[in-house]
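The values are calculated or read from the model by the stated rules, or taken from the named source; none is laboratory data. The structure presented is a predicted model; accordingly, all values stated were derived computationally and were not measured. Every residue, glycine among them, receives a Cβ derived from its backbone with ideal geometry; neighbour counts consider all protein chains shown.
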Amino acid sequence: MPVPPPFMLTTGPVTAYAAVLNAMSRPAIYDGHQAFQHFYRGVIGKLQSALRLTNLPLILQGDALLGLEAAAASLIGRTDVVLNLVSGVYGKGYAGWARRHGGEVIELEVPFNEAIDPVVVRRALVARPDITVIAVCHHDTPSGTLNPLAEIGAIAREHGAFVIADAVSSFGSLDVHPETAHVDIFVTSAAKCLGATPGLTLLGISERAWTRIKANPDAPRASFLSLLDWELAAEIDKPFPVTPSLAEIRGLDVALDLYLQEGPEQVWARHARTAAATRAGLKALGLRLWPIDEAIAAPSATVFHLPAGLTDNILRDTLLDRYGVLLSFGRGFTAGKVLRIGHMGPSAEPMLAVTAVAALGAALNQLGIRADAGAGVNAALAILDGAASNQADSKSSSREVADVDPA
Ligand SMILES: *Cc1c(COP(=O)(O)O)cnc(C)c1O
């Protein structure tokens, strides 16, 4: 088993919080016992708080792709016309499930460094009033770009369409919640911005979606894909549908405690500052960001173009072998074109932006590409200090470093 590098700045999974790992090592308790049932109900309650839901959320035992597939299988029926919004690899991939369960799939696609324009969504709904379901990825992680989920949700609600949203790598990094974004099935993960380990999907499901799922004869039952089965898991005195993944649930319990106790707003601010400092540093190094406009760059991942003449392998390996910094490769369309820096949960720590930028500056120079590592670090530090606005003040009061007088 390889030793994890000192700086795991990947785009998921991320190094879990130490307290999460600690909780996962506790002995099992029998799931038929009331103690387990109350514990589980408590975790559901904490997740409900984190998702700011008026009803109870669901936890599925399998990483987030299970939840995304289960959403399609449960909500989408044979007569549905699905509008699949595509701005990246995950959005594109959703069409496969939509086609398997739905009647017709219409795709609205933009280049994978851009975001979906809500005006175009509105136009698509006017052109095809028979659209009943909209699928959208909030943060398409291979691109590091955000779609305007709440705006799309509001347009869909007005039209009467159901929304399935992949918020796997955005929830916990910024102010996004199922009800305020008008999302009917909101899918997220324990292993990205919440800083727990892979293995659980977290879902927020609207009451209107529950009504539809219960009326859908094709919605899976007696299956790992069955949202109807998983709904029963939170009921005290009912047997758990399968043997619970106790370690993961314990880890999630602590991750939710950490999130709620630190304060969601503080957690989001930490993600935003880390991302802003990273982007400022990268630009000062002369690197180019992948998103066409920084306004759509996500707070949980910074994606940048590889400089001409470098492969992702050589840059990734130099960063890892010399500086202990592990970044993620691109994926699908962005593979071989970019590297990605994750700011998720424990890695959304502003000083880690300085680490990433310093290592990148050094690695580029190692590989024969001139980059001003000092300028990169200073640009990142300026964001950390919020110094851009009061640089003059700090200049007037700054002194040279001098040796302490031994006397
Ligand atoms: C990571 C990710 C997934 C898949 O989640 P897993 O937990 O790896 O199954 C889905 N969608 C997006 C946008 C992701 O970033």
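Here are a few things to note about the model shown:
Rundown of residues vs (1) basic (K, R); (2) surrounded by 10 or more Cβ atoms within 10 Å (Cβ to Cβ); (3) within 12 Å of V254 (Cα to Cα), yes/no style:
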{"site": "P5", "(1), (2), (3)": "no, yes, no"}
{"site": "T10", "(1), (2), (3)": "no, yes, no"}
{"site": "T15", "(1), (2), (3)": "no, yes, no"}
{"site": "L21", "(1), (2), (3)": "no, yes, yes"}
{"site": "R26", "(1), (2), (3)": "yes, yes, no"}
{"site": "I29", "(1), (2), (3)": "no, yes, no"}
{"site": "Y40", "(1), (2), (3)": "no, yes, no"}
{"site": "V43", "(1), (2), (3)": "no, yes, yes"}
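- Residue in segment 332-342 that is within 16 Å of the chain's Cα centre (by Cα), assigned to a loop (DSSP other than H, G, I, E, B) and farther than 23 Å from A269 by Cβ present: no
- Top-ranked residue of segment 315-331 - restricted to ones that are in contact with a strand residue (DSSP E or B) (Cβ under 7 Å, 6 or more places away or on another chain) and assigned to a loop (DSSP other than H, G, I, E, B), ranked as surrounded by the fewest Cβ atoms within 10 Å (Cβ to Cβ): G324
- Elements of type helices (runs of 4 or more DSSP H) in segment 205-314, at least 2 residues being closer than 30 Å to G144 by Cβ: 246-262, 264-285
- Flag for T201 being within 15 Å of the ligand (Cβ to nearest atom), assigned to a loop (DSSP other than H, G, I, E, B) and in contact with a Gly (Cβ under 8 Å, 6 or more places away or on another chain): no
- Boolean, V126 is surrounded by fewer than 19 Cβ atoms within 10 Å (Cβ to Cβ) and touching an Asp or Glu at 6+ places or on another chain (Cβ under 8 Å): no
- If you go through segment 1-56 and keep only what is among the basic types (K, R) and either under 22 Å from P241 (Cβ atoms) or within 24 Å of the chain's Cα centre (by Cα) (or both), you end up with R41, K46, R52.
- Here I213 does not fit the description of being within 16 Å of the ligand (Cβ to nearest atom), under 25 Å from F162 (Cα atoms), crowded, with 21+ Cβ neighbours inside 10 Å and aliphatic (A, V, I, L, M).
- Members of segment 57-78 that are crowded, with 18+ Cβ neighbours inside 10 Å, more than 16 Å from the ligand (Cβ to nearest atom) and not hydroxyl-bearing (S, T, Y): P57, L75, I76, G77
Condition check ((1) farther than 23 Å from N378 by Cβ; (2) in contact with a Leu (Cβ under 7 Å, 6 or more places away or on another chain)) across all residues:
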position: A255; (1), (2): yes, yes
position: E262; (1), (2): yes, no
position: T274; (1), (2): no, yes
position: A280; (1), (2): no, no
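- Listing of strands (runs of 3 or more DSSP E) fully contained in segment 28-145 that carry 2 or more residues being within 21 Å of V176 (Cβ to Cβ): 58-61, 81-86, 133-137
- Close Cβ contacts (under 9 Å, 6 or more residues apart or on different chains) running from residues in segment 11-40 that are over 19 Å from D63 (Cβ atoms) to residues that are in a helix (DSSP H, G or I) and hydroxyl-bearing (S, T, Y) comprise D31/Y40.
- Check on I249, surrounded by fewer than 15 Cβ atoms within 10 Å (Cβ to Cβ) and over 23 Å from T11 (Cβ atoms): no
- Single condition V86 does not satisfy, out of (1) surrounded by fewer than 18 Cβ atoms within 10 Å (Cβ to Cβ); (2) within 13 Å of the ligand (Cβ to nearest atom); (3) hydrophobic (A, V, I, L, M, F, W, C): (1)
- Which listed residue is surrounded by fewer than 24 Cβ atoms within 10 Å (Cβ to Cβ) and either without any contact (Cβ under 8 Å) to a residue 40 or more places away in the chain or within 28 Å of A269 (Cβ to Cβ) (or both), from A190, A196, A222, A167: A222
- In this structure, L146 does not qualify as away from the ligand (no atom under 16 Å from the Cβ) and modelled with pLDDT of 95 or more.
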